[in-house]
Amino acid sequence: MRQADLVVLANAAQQLESSNVATSISHIIGMPIEKAMSTLPGHWSNVVSRITKKALEKALNAALYSLNNKVKRPKNKIHTLMVGVSGAVGGSFGIAALAVELPVSATIMLRSIADIARGHGENLDDLESKMACLTVFALSGGGSSQNNEAANTSYYAVRSFLTKALGDTTNHIAVHGVSKEGAPLLVKLINAVSVRFSIPVSGKLAAQSLPVIGAVSGASVNWLFIRHYQKMAEAHFMVRGLERKYGCTEVESWYQKIVEYNAKVNTKKWQAKEVEV
């Protein structure tokens, strides 16, 4: 792999492995996100799961199917502003507004993700590219879960989890391409992605349900949400671009080496700090 492409891959790996939306939300609300989530009634985890799945279904229909494949500059600032307004409205009404606000926010975010994908050479007429856009919602980078697969935040581990959930997706796409027959695959992907996406959504719900949060922090939480997934999309489609150029096996091999190297460097830094203390 060329040196310049290795730098691109290293930057993408840094973003994909280190970004954590849950930590960012904690900074806004002034407490660990787990503490805020503990204030929610127990049954809300099931409610959030259902709302999340429905939101992704509506987002897919409203966003991806309305975009053409003409390359344009991503309108990230516009999408970010729209999601912020949506969050402000949702924050004003608390948890009762989640079922209305989340589909709107998810649709705007998915349009932004698709915009970014198109800018990185993805063909939005291809079912596989649509699925890659949905995959970004699984790159939450944080949160707690009793489901080990859902909690695993390693980039390639997430992709492996989704591939496993989809089964023979690749073969199906090769045979059918973009067609009505592809709809069941997207539904299956939505089900798999919602397992992971519901984790940060629960944190978002907990933050916006706090009495002192309201509209201002509702907008801030949504701003963090879309900025996180925009960054995940940029990194994700950088990796996919390199995979088209060098092949998936080689890119993943280099990616793992980069992650392992960064882990060793970080370990040495922490050991050095402990020695100083």
Sort 253-265, 102-114, 9-21 for me by packing, meaning the mean count of neighbouring Cβ atoms within 10 Å per residue, highest on top.
102-114, 9-21, 253-265
In whole Hz, what ³J(HN,Hα) sequence does region 7-14 give by Karplus (6.51, -1.76, 1.60; θ = phi - 60°), x for Gly and Pro?
5, 4, 5, 5, 5, 5, 4, 4
Can you tell me which of 241-251, 117-127, 223-233 comes out highest on packing, and rank the rest after it, using the mean Cβ neighbours within 10 Å?
223-233, 117-127, 241-251
Taking a 31 Å limit on the Cα-Cα distance, which of the listed pairs LYS164/LYS245; LYS204/LYS264; LYS231/LYS257; LYS188/LYS245 fall beyond it?
LYS204/LYS264
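Rule-based calculations on the coordinates, nothing more; no lab input. Since this is a predicted model, take the numbers as computed values, not measurements. We place every Cβ from the backbone using ideal geometry, glycine too, and count neighbours over all the protein chains shown.
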